[in-house]
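Below is one structure, written out as structure tokens; comments come after it.
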Amino acid sequence: MNPPAPDKQAIVAALAASLPAHCLLHSEEELKPYECDGLSAYRRTPLLVALPETVEQIRAVLRVCMQHQVPVVARGAGTGLSGGALPLENGVLLSLAKFNRILSIDPDNRTARVQPGVRNLAISEAAAEHNLYYAPDPSSQIACSVGGNVAENAGGVHCLKYGLTVHNIQKLDILTIDGEALTIGGDALDAPGFDLLALLTGSEGLLAIITEITVKLLPKPAVAKVILAAFGDVAQAGEAVSNVIASGIIPAGLELMDNGSIRASDDFVHAGYPRDAAAILLCEVDGDAHQVADELTRAQQVLRDSGATEIRIARDEAERLRFWAGRKAAFPAVGRLAPDYYCMDGTIPRHQIAEVLTRINKLSDEYGLAVVNVFHAGDGNLHPLILYDANKPGELEQTEEFGGKILEACVELGGAITGEHGVGMEKINQMCVQFNAAELNQFHAIKQAFDPDGLLNPGKAIPTLQRCAEFGAMHVHGGQVPFPELDRF
């Protein structure tokens with residue numbers, strides 16, 4: 001039985017007692033821009049949008065929502081690609097866009113304190129005067145917020161050597177659903193007690209609201225060089241990835257692009273890619289001059305032995321940045337190839353790259369939908385982009401089914417259904433394939449410990465066992481749902 005619709009006027013009145021009028025949006029025109037995140041195939045209009053400007057105002061929003069039993073969905077820059085910030089029609093969308101200040105930079109301890117709405121790239125821009133930078137660099141780093149990066153445990157093209165968000169943050173200040181302020185982690189490199197920092201990172205807004213982040217900064221490498229290696233066969237390029245890592249080289253970045261993404265990106269940013277190659281690898285090495293020279297020589301030999309038909313080293317810094325600009329522009333560039341595309345995000349063991357590419361090609365033929373492939377190849381994080389037309393009846397549903405098959409192949413090959421985009425709404429059915437009933441029950445128990453009423457981003461990331469039974473991925477004795485209150489929204 002569905003609960004009664006919330007009293008919108010009463011909630012607006014309650015929030016207006018603590019938030020200025022310009023921090024509350026509730027007309028249809030004001031709400032429309034918030035109806036989706038970067039996964040625009042899924043859209044819902046929220047009950048209202050709150051844009052607090054202080055931590056006390058965030059606390060007020062949470063307490064009103066708890067009092068009225070209204071769900072809360074936190075939103076950063078809205079660049080997420082899994083529907084994690086998709087609002088609920090009967091819920092409050094809590095935007096942290098106004099929390100966009102870098103509070104301090106500590107060059108001695110190599111840290112920065114930032115608010116969650118700060119753009120990823122802005123951290124490195126601010127730290128540049130100290131010859132420091134923030135390592136995680138998602139393709140959307142010019143726009144995405146660091147709070148959203150924490151929520152999804154985002155990576156980027158240099159995560160192979162320097163790690164994901166979880167490896168590059170030191171402390172979180174959070175508010176629980178009842179408004180309690182907690183500090184997770186600390187100013188030292190290690191903190192006593194359980195590692196709740198790792199638990200909160202990648203929790204997709206299900207456990208708490210992040211109000212401040214202390215990130216780690218790294219010295220800029222003295223030298224960085226990128227190799228572009230072209231291949232006549234995509235699977236061969238995939239094998240080359242394993243060969244590079246097996247040689248003992250850990251590149252700063254190791255990215256794979258197939259011919260579709262090569263041509264689209266080159267048309268878009270004129271990166272100078274070899275347009276006839278079936279695939280290219282971008283392999284960057286960095287460090288001191290001696291180390292880089294040695295690794296460049298070794299990497300080139302490995303790539304030649306792996307079948308590379310052409311090898312280039314960026315002639316100067318401008319060309320190096322141009323090579324990376326083409327890779328980082330792959331998603332928007334592919335948007336020019338079809339009316340719509342569906343960006344998948346799965347992870348596989350590196351040695352399975354050739355196999356998963358073969359399977360994706362077979363599925364592409366089976367569904368009659370073209371696929372363009374972009375990989376964070378070094379850590380096995382794939383991003384197949386399925387091209388489709390949402391205006392054609394049934395094609396979106398067909399595309400979603402195709403994407404689900406790719407994720408299930410990732411699991412079968414020893415990988416996972418996500419690498420950095422999160423589960424959100426997009427992959428919630430495939431969670432039933434990745435995890436068994438006992439594991440899902442444990443996830444729900446953690447959720448209930450932080451959020452007993454299930455008000456924070458309900459219905460995302462963790463499926464109920466009933467949903468999994470309906471999806472057909474597991475047998476649930478008696479159809480029991482461990483925490484049915486999570487489905488009531």
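In whole Å, what three semi-axes, largest first, describe the equivalent ellipsoid of the chain built from its Cα gyration tensor (square root of 5 times each eigenvalue)?
Details: eigenvalues 285, 149, 84 Å².
For the chain, the ellipsoid semi-axes come out as 38, 27, 20 Å.
Under the Karplus relation 6.51 cos²θ - 1.76 cosθ + 1.60, θ = phi - 60°, what is the ordered set of whole-Hz ³J(HN,Hα) values for segment 68-81, x standing for Gly and Pro?
Here the 3J(HN,Hα) series is 8, 6, 10, x, 10, 10, 7, 9, x, 8, x, 8, x, 10 Hz.
Quick one: of 161/216; 328/460; 427/460; 161/225, which pairs are farther than 18 Å apart, Cα to Cα? Before the final figure, lay out the partial values.
On the way: 161/216 15 Å; 328/460 28 Å; 427/460 9 Å; 161/225 14 Å.
Too far apart for the 18 Å limit: 328/460.
Report the normalised scattering of segment 223-331 as log10 I(q)/I(0) at q = 0.09, 0.14, 0.20 Å⁻¹, calculated by the Debye formula with identical scatterers on the alpha carbons.
-0.19, -0.48, -0.99
Could you calculate the contour length gain from residue 187 to residue 7, that is, 0.36 nm times the residue separation minus the distance between their Cα atoms, to one decimal place in nm?
Working: separation 180, 0.36 × 180 = 64.80 nm, distance 4.30 nm.
The span from residue 187 to residue 7 would gain 60.5 nm if fully extended.
Of the listed peptides 427-439, 22-34, what is their order by residue-averaged count of other C-beta atoms within 10 Å, with the highest listed first? Each step should come with its number before you reach the end.
Numbers: 427-439: 18.8, 22-34: 13.9.
Per-residue Cβ counts within 10 Å, averaged per peptide and sorted highest first, yield 427-439, 22-34.
Roughly how many debye, to the nearest 20, is the charge dipole of segment 338-412 about its Cα centre, given +1 on each Lys and Arg Cβ, -1 on each Asp and Glu Cβ, and no other charges? It would help to have the intermediate numbers written out before the result.
Numbers: 5 positive and 13 negative charges, 54 e Å.
Its charge dipole is roughly 260 debye.
Charges only on Cβ, +1 for Lys and Arg, -1 for Asp and Glu: so what's the dipole of the chain about the Cα centre, in debye to the nearest 20?
Numbers: 38 positive and 61 negative charges, 86 e Å.
So the dipole magnitude of the chain works out to roughly 420 debye.
Only Lys, Arg, Asp and Glu count, each charged at its Cβ (+1, +1, -1, -1), so figure out the dipole size of segment 155-220 about its Cα centre, rounded to 20 debye.
On the way: 4 positive and 8 negative charges, 99 e Å.
It comes to approximately 480 debye.
Report the relative contact order of the chain, percent, no decimals, based on alpha-carbon pairs under 8 angstrom and at least 6 residues apart.
Numbers: 1047 pairs, mean separation 66.8, N = 489.
Relative contact order, the chain: 14 percent.
Tell me, which cysteines of the chain are without a disulfide-compatible partner by the Cβ under 4.7 Å rule?
23, 36, 65, 144, 159, 283, 343, 410
Calculated from DSSP H runs of 4 or more alone, at -39500 (n - 2.57) each and per residue, what is the 222 nm mean residue ellipticity of the chain, nearest 500? Mind dumping the intermediate values first?
Numbers: 17 runs with 167 residues, N = 489.
Taken over the chain, the calculation gives -10000 deg cm²/dmol.
Using a 10 Å cut-off on Cβ atoms, rank the peptides 134-140, 374-380, 100-106, 261-267 from the highest mean neighbour count down. Intermediate results must be reported in sequence, preceding the final value.
Details: 134-140: 24.0, 374-380: 25.7, 100-106: 14.7, 261-267: 22.1.
Per-residue mean Cβ counts within 10 Å order the peptides as 374-380, 134-140, 261-267, 100-106.
For a quick protection proxy, order the peptides 244-257, 307-320 by their average other-Cβ count within 10 Å, most packed first.
Numbers: 244-257: 20.9, 307-320: 14.4.
The densest-packed peptide leads the list: 244-257, 307-320.
Ratio of segment 67-214's C-alpha Rg to 2.2 N^0.38 Å, to two decimals? Numbers along the way, then the final one.
Values: Rg = 14.9 Å, N = 148, 2.2 N^0.38 = 14.7 Å.
My calculation over the Cα atoms of segment 67-214 gives 1.02.
Give me a comma-separated list of calculated 3J(HN,Hα) values for segment 301-315, in order, Karplus coefficients 6.51, -1.76, 1.60 applied at θ = phi - 60°, integers in Hz, x for any Gly or Pro.
Working through the residues one at a time gives 5, 4, 5, 4, 5, 8, x, 4, 8, 7, 10, 10, 10, 3, 6 Hz.
Would you calculate the convex hull of the Cα atoms in segment 302-359 and tell me its volume per residue in Å³? Kindly include the intermediate steps, with their values, before the conclusion.
On the way: hull volume 9.1 nm³, N = 58.
Roughly 157 Å³ of hull volume per residue.
For segment 1-159, what proportion of DSSP beta bridges, expressed in % and rounded to the nearest 5, is antiparallel?
50
No lab work stands behind these numbers, since they all come straight from the coordinates. Not measured: the values here are computed from a predicted model. Methodologically, a virtual Cβ is constructed for each residue, glycine included, from the backbone with ideal geometry; neighbour enumeration extends over all protein chains shown.
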